[in-house]
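Structure first, commentary second.
None of the figures in this text is laboratory data; all of them are computed from the coordinates on show. Being a predicted model, the structure only gives us computed values, none of them experimental. Using ideal geometry, Cβ is built from the backbone for each residue, glycine included, and neighbour counts are taken over all protein chains shown.
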Amino acid sequence: MLKVVRSWIDRYFSDEEAVVLFLMLGFGLIFVVLWGDIMAPVIASIILAFVLQGLVTYLCLKGVNKAVAVYLSFTIFIGIVIAFIFLLLPLVWGQLSSLVQDSPNIFSNLKTYIFALQEQYPALVSIQEMDDLYQKVTSEVASFGQWLLSQSIESFPVVITVLIYFIVVPILVFFFVKDKEQILSSIAGILPKNRVLMTRVWDEMNVQFANYVRGKVVEIVVVGGCTYIGFIFMGLNYGALLAILVGLSVVIPYIGAVLVTIPVMMIALFQFGLQEEFYYVMLVFLVIQLIDGNVLVPLLFSEVVNLHPVVIIISVLFFGGVWGVWGVFFAIPLATLVKAVFSAWPRQYPSP
């Protein structure tokens, strides 16, 4: 047994750089698990810096001075943040509060539809089971409503957290974009001089992360924007809130689209009933999902390494469990990182 273990170690860890990279990945995982929440503003800043770096690079290719490109990109970013705070956030908060107030009526109507379905198909599910499910759901919604009210009344810690994000994050984003080369040089200075393996993995993952983050941000904006326009055109209530949910659902491949269908269907059913307007809303939602999956995703992520759907779902579950929301967002690039490291890892096979 010891001989087998030693042979395996000699095969995969005979290279000094491979050992250093393995330790770095291990310490990185431990750091994220233990201090990921504390470092969330820094992580968010790095993500936004990746997005703005694409705009800076584009402006530089058009002949704009780099310093001017950095300040112009940052000005656009600040404008978007201000618009989000003063335009979108109050609208979404108002719709969320209204939805919580309307939730008893929504679930009451839903209960009526479900019981009518049960009467037509009694073998499908019992009335007692449906009533128990209804009681549990309404209880959870009531708890959420109380939490929402408590956040409105006792929101000082929340306000502090929000202020930290809206003050610290823009500052970090600015310096991450402005001093990108100096920061990367400083990090490279503490790494081993012989880093062929690290360089190979970094070069691949730098492209993968940048393409994924920028593409995902564009996808969220396009899908959310198109959904909002479609829902407003159809006269659906809570259009802004649902559009944000649909936009954010693209972060979770496959699973997100299924989960977000439930609130869209419930609100449309509550507002329109089983009338033609309900089916039009669901048709618009389905068309947007099909365009996203068959047109937008291949267009935006053509340079991202393809992964099997099973690998993607497992990655979402694993990294989401380890790292929460950030793990879900980065599930695909992290899975790609694992794949890149595994592919580039040096192996020494014994001589025959």
Original post:
Tell me, in nm to one decimal, what length is gained between Leu290 and Val168 on full extension, where the rule is 0.36 nm per residue of separation less the Cα-Cα distance?
Top reply: 40.1 nm
Original post:
Extent of region 196-345 along each principal axis, from alpha carbon coordinates, in Å, largest to smallest?
Top reply: 62, 28, 22
Subject >> Approximate spin-label separation Thr261-Val310, in nm, with each point projected 7 Å along Cα-to-Cβ >> reply: 2.3 nm
Subject >> Cβ crowding within 10 Å averaged over residues, with 260-268, 182-190 ranked highest first >> reply: 260-268, 182-190
Original post:
In what order do Lys62, Lys180 fall by count of nearby beta-carbon atoms within 10 Å, going from fewest to most?
Top reply: Lys62, Lys180
Subject >> Distance in nm between pseudo-label sites at Leu96 and Ile183 (7 Å out along the Cβ direction from Cα) >> reply: 2.8 nm
Subject >> Residue-count net charge about Thr57 - beta-carbon cut-off 11 Å; Lys, Arg +1, Asp, Glu -1 >> reply: +4
**OP:** Quick one: of Lys66/Lys193; Lys193/Lys339; Lys62/Lys180; Lys216/Lys339; Lys180/Lys216, which pairs are farther than 27 Å apart, Cα to Cα?
**Re:** Lys66/Lys193
**OP:** Could you compute the FRET efficiency for Leu299 and Lys193, with r as their C-beta to C-beta distance and R0 at 45 Å, rounded to 0.05?
**Re:** 0.65
Original post:
What order do you get for 38-49, 324-335 when each peptide is scored by the mean count of other beta carbon atoms within 10 Å, highest first?
Top reply: 324-335, 38-49
Original post:
Quick one: if the Förster radius is 51 Å, what FRET efficiency do Ser108 and Val64 give, using the C-beta to C-beta distance and rounding to 0.05?
Top reply: 0.30
